[in-house]
1. If you put +1 on each Lys and Arg Cβ and -1 on each Asp and Glu Cβ, how big is the dipole of segment 54-201 around its Cα centre, in Debye rounded to 20?
2. Along the charge dipole of the chain, pointing to its positive end and built from +1/-1 on Cβ of Lys, Arg, Asp and Glu, which listed residue (Trp134, Ile184, Tyr104) has its Cα farthest out?
3. Output needed: percent of Cα pairs per 5 Å distance bin for segment 27-82, bins running from 0 to the one holding the longest distance.
4. Taking the solvent-accessible surface of protein heavy atoms with a 1.4 Å probe, what is the per residue accessible area of the chain in Å²?
5. Expressed as cubic angstrom per residue, what is the convex hull volume of the alpha carbon set of segment 55-139?
6. Positive end of the charge dipole of the chain (Lys, Arg +1 and Asp, Glu -1 on Cβ, about the Cα centre): tell me which of Met147, Asn43, Leu24 has its Cα farthest that way.
7. Please report the Cα spread of the chain along all three principal axes, rounded to whole Å, starting with the longest.
8. With an 8 Å Cα cut-off and a minimum separation of 6 or more residues, compute the relative contact order for the chain in percent.
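The values are calculated or read from the model by the stated rules, or taken from the named source; none is laboratory data. Everything numeric in this text was worked out from a predicted model, so none of it was measured. Because the Cβ atoms are built from the backbone with ideal geometry, glycine has one as well, and the counts that use them run over all protein chains shown. These accessible areas exclude ligands, DNA and RNA; they are computed on the full protein's heavy atoms, side chains included. Shrake-Rupley method; radii C 1.70, N 1.55, O 1.52, S 1.80 Å.
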Amino acid sequence: MTDLWEFYKSGFWVEPFLTWSIYLFILASLSIYLLIVKSRNSNIKNERRKIEYDVFIDKLLFTVVFEDVSFSNVVQNTDYLKMSENKFFRQVITESIINLHKNYEGLYAQKLEHFYQDSGLMNDSLKKLKNLKWDIKCKGITELSEMNVYEAFDTIITFSHARNKILKITAINACIKLAGTKGIVHLSEHTNPIDDWTQVNIIHAFKKHDVGDTKGIELLLESQNSTVVALGLKLIKELKLTQKLSYVEQLAERTANNLIKYEAQNVLQALNV
């Protein structure tokens, strides 16, 4: 310990320490610069490729939607076969299909859904659900729900218990779009509190997707979780479900929770008026 202290006081270590520090700083700066240049070049390259892909994809999807071209005919296109092996191309065409699907209904939307499934793009979305990053999971969930992949419902619903709030809300919204009330009745067994922000998003999802079948919402009123009961009351009030008033009346009579009783009475008063 004394030798170490003497070495420190001698100052012999200062010059090599400063020299190596400068070398490390230069090396780190150079590495960061090269990474920035590489990232920028990659982005520029992707932008150029995207412009090229967009032209091809627009023509391709036009024929699929408006000219009754099946996927079996599409795969005969050598350009498509070559491009479809590229991961970035598959991302671009998936985004294009999702955006188109939002603007079409009926037969046109069904054609896009069939192409999405037959081309294997649906499998790419399913793989995203297994990704460790929550934002990638959210993207996969959004793609599958937008394309009405009902087979993914059981997998998506498992994410409604996720700790990440955005992932949880994305999963619940997707389940509502795919299966209506079935997408939230499972919450009656939910033990964790459902915060106001999540409740607002759930109500918005019901309004956005214009869920007609509200059978089962009354089950939320039987939950032992007061926040789930509060959600059920808000849904009944916001969606003006007068056919559910008998369940609200029963809740107001039996509950020992004064806050829930007050909320139930408010719903009864609002809908009776």
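1. So the dipole magnitude of segment 54-201 works out to roughly 580 debye.
2. Of the listed residues, the answer is Trp134.
3. 4, 16, 16, 16, 10, 9, 8, 7, 6, 4, 3, 1
4. On the way: 17170 Å² over 273 residues.
Accessible area per residue, the chain: 63 Å².
5. 95 Å³
6. Farthest towards the positive pole: Leu24.
7. Principal extents (largest minus smallest coordinate, Cα): 86, 70, 28 Å.
8. Details: 239 pairs, mean separation 24.5, N = 273.
Once normalised by length, the contact order is 9 percent.
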